[in-house]
Amino acid sequence: VRLDPFAGPPQSEWILYTLETMLTLKAHPWVTAQVSADYEANGRAPPYLDVAHALLGPPQGAWFIDAGQLYLPFGRYETHMASDPLTLALGETRDITAALGFEGAGPFGAIYAFSHQDLTGDTEKIDAWGAELGYTSRPGGQPLRLTLGYLSDLGNSDTLRYLVAGGGKVAGLALSALFEAGPWTFIGELVSATRPFGLGAGLALAGQRPSAWMIEVDCGFGFLGKEAQLALGYQGSAQALALKLPEIRALVTFNLGIYQYTTLQLEWAQDQDYHEAAGGTGKAGNSFTAQVAVEF
């Protein structure tokens, strides 16, 4: 990775971005258990347990119960970029929860509950919940998926929980859409707080209603006898300076399947910081990433 930040000299580094090991056990036709552990960013943080949960439901059935430590069904965060979308930085939430869901020929959904947690560390009662409702279809034989998510406590997201000092819960909404047409894929997503955070949330967030959005267009094609893809992305955020997100991000990523299970990704991204009046620098920064990923 090479980074030209908003301020300061350019930076470059070799990074072991992610080493993840996941074990999935089909203990019974009705029971699937899954556990994974992660090592990230050259060990800047200790290895950690990512997910550990059990899924109960009939094979090819219309309902399921999912319980344990998992990523809540709030936002989809799908991308073919090398970097994570800004919507993920705002809304992704991993917690210990129990979810009840259903899947039909078109509609699907889930409802779940978990314990609110912020800088106060209060996890003594189950006082937060969320729900997801979506619809899948194949108009003209092309896959289409629309999803709406609600989270009663956006301050419990993986990023915000380390910033929110208290001051009451602020809910979040997540809207996402995905459509495929031949070699083309179109992705769009919006994640937003439903109202501004109160004064008790701390100086960085008080009066702020953070939101993030992304749109992406991908096209697959053949290149030197290999499967390749070009992805174009445009993302942005509002009132999210406390999360150190840019106001605008533009990306171009080239993906090449060089071998079975092995993908080469080349990505250029340009970030535009918030204006000085909003607390930013008003400057632009650039980054270039070359990444090899092996997944099997």
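The values are calculated or read from the model by the stated rules, or taken from the named source; none is laboratory data. Source: prediction; values computed, not measured. Positions of Cβ are generated from backbone atoms using ideal geometry, with glycine treated the same way; all protein chains shown enter the neighbour counts. Please note that ligands, DNA and RNA were not included when accessible areas were found on the heavy atoms of the full protein model with its side chains. Shrake-Rupley method; radii C 1.70, N 1.55, O 1.52, S 1.80 Å.
Some points to look at:
- Selected residue (criterion: nearest to Val292 (Cα to Cα)) from residues of the stretch 3-60 that are assigned to a loop (DSSP other than H, G, I, E, B) and open to solvent by 90 Å² or more (accessible area, probe 1.4 Å): Tyr17
- Among the residues examined, Tyr71 qualifies as open to solvent by 30 Å² or more (accessible area, probe 1.4 Å), under 19 Å from the mean Cα position of the chain (by Cα) and hydroxyl-bearing (Ser, Thr, Tyr).
Let's see how each residue does on (1) more than 22 Å from Val164 (Cα to Cα); (2) among the aliphatic types (A, V, I, L, M); (3) open to solvent by 20 Å² or more (accessible area, probe 1.4 Å); (4) in contact (Cβ under 8 Å) with a residue 24 or more places away in the chain:
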| position | (1), (2), (3), (4) |
| --- | --- |
| Gly207 | no, no, yes, no |
| Pro210 | no, no, no, yes |
| Asp218 | yes, no, no, yes |
| Lys244 | no, no, yes, no |
| Thr263 | yes, no, yes, yes |
| Glu267 | yes, no, no, yes |
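- So Gly104, is it open to solvent by 30 Å² or more (accessible area, probe 1.4 Å), touching a residue at least 40 places away in the same chain (Cβ under 8 Å) and small (Gly, Ala, Ser): yes
- Qualifying positions in the stretch 229-242 - open to solvent by less than 10 Å² (accessible area, probe 1.4 Å) and either at pLDDT below 95 or hydrophobic (A, V, I, L, M, F, W, C) (or both): Ala231, Ala240
- Lone qualifier among Ala105, Ala110, Ala99, Ala89 - being outside any strand (DSSP E or B), over 30 Å from Lys244 (Cα atoms) and of a type in the set (A, V, I, L, M, F, W, C): Ala105
- Any hit, the stretch 155-167, residues being over 20 Å from Leu86 (Cβ atoms) and without any contact (Cβ under 8 Å) to a residue 24 or more places away in the chain: no
- For Thr253, the stated conditions hold: it is over 17 Å from the mean Cα position of the chain (by Cα), at pLDDT 95 or above, open to solvent by less than 20 Å² (accessible area, probe 1.4 Å) and not aliphatic (A, V, I, L, M).
- Within the set Gly91, Gly134, Gly130, Gly149, the sole residue that is at pLDDT 95 or above, open to solvent by less than 70 Å² (accessible area, probe 1.4 Å) and more than 29 Å from Val31 (Cβ to Cβ) turns out to be Gly91.
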